[in-house]
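Worksheet: the structure to be examined is printed underneath.
What follows draws every value from the coordinates through simple rules; no lab data is involved. On a predicted model such as this, the values are computed, not experimentally measured, just so you know. Neighbour counts run over all protein chains shown; Cβ positions are idealised from the backbone, glycine included.
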Amino acid sequence: MNKRLPRRLVDGLGVFSLGLGAAQLTAPGAINRLIGAEDNPANRALQRWAGGAREFAAGVGLESRRMTALWLWARVAGDAFDLTVLSRLLGSARGGDARRRAAIATAAVAGVTLADLAAATTVGRRGGRTPVHAAARITVNRPVSEVYAAWRKLENLPRFMTHLAEVRQLGDGRSHWRASGPAGLDVEWDAEITRERADEHLAWESVGKATVRNSGRVDFRQAPGGRGTEIRVHLDYDPPGGAVGAAVAKLFGEEPDQQVRDDLRRFKQLLEVGEVVRSEGSPDGPDVRGLATQHPAQPLPV
């Protein structure tokens, strides 16, 4: 399974739940007519409170990315309720048009139920955790070949990725990575390059029994107008449970996209200026984990 799929599926179900819940809360009559139900006060109340409020709450819960498994199973239970109501509606529908609408609605809810079940069981196997995806881009005012070469030398990564303590090349496209966590807890893994085309892209993923399963891809292309190189980064990691999982969460912060943007700004500084300055006076500003609390202004040697 694509490592990004569970997170994308959960996010998609969250957005769907918010949209459907909002429609049921604000336009219950239209929803009743859409599914072939009689539009009366009782059915409107059913749409609003048994359907809309439930869907909207589940959507908020899923988008919060907390207690994901609980909210997914709540959706599955809600689907079962909806299918029961729709089956009764299908059996009592008067007229061909109402029966057709009820049948379409039943098929649609059955399809959503399968998606909810797939997401709930996948997340459940992970102990309620979902893979984390982070992405960012930046333009560096240096030639593509220079930017690619700087990134391809993996030992450079800890110079701008603050959660990394060391990356050591092992040969044959393999490398050993070490991240320094809180309370002296280090997280280590081996990785291998899976795809590479000089000056275009570089992809890697963890191998073996990695404590933190992860993968990454960086794309390089010439920026429009001869403004240097545009870099696009995609990172995925599957957080473990327990103390190590808590350490990983702190390493990557609560906003992994912002963390990657911070790393890319430091990479840009490194190539364009030749050093990374971490201080409250830095033009990059504070990063998501509070590096700006370091005090002025000591350049990091490159």
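What the table shows:
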item	result
Rotationally averaged projected area of region 5-125 (alpha carbon convex hull; nm²)	6.8
For region 82-211: relative contact order, % (alpha-carbon pairs under 8 angstrom, 6 or more apart)	12
Of the GluC sites (Glu not before Pro) in region 31-96, those whose Cβ has at most 16 other Cβ within 10 Å and which sit in DSSP loop	E38
Over region 145-215: Kirkwood hydrodynamic radius from C-alpha pairwise inverse distances, Å	12.7
Geometric extent, Cα atoms of region 77-161 - Rg, Dmax (angstrom)	25.5, 71
Relative contact order (percent, whole number), region 5-125, Cα cutoff 8 Å, 6+ residue spacing	31
Computed FRET value (nearest 0.05) for M67 with A27, which takes r as the C-beta separation and R₀ as 25 Å	0.30
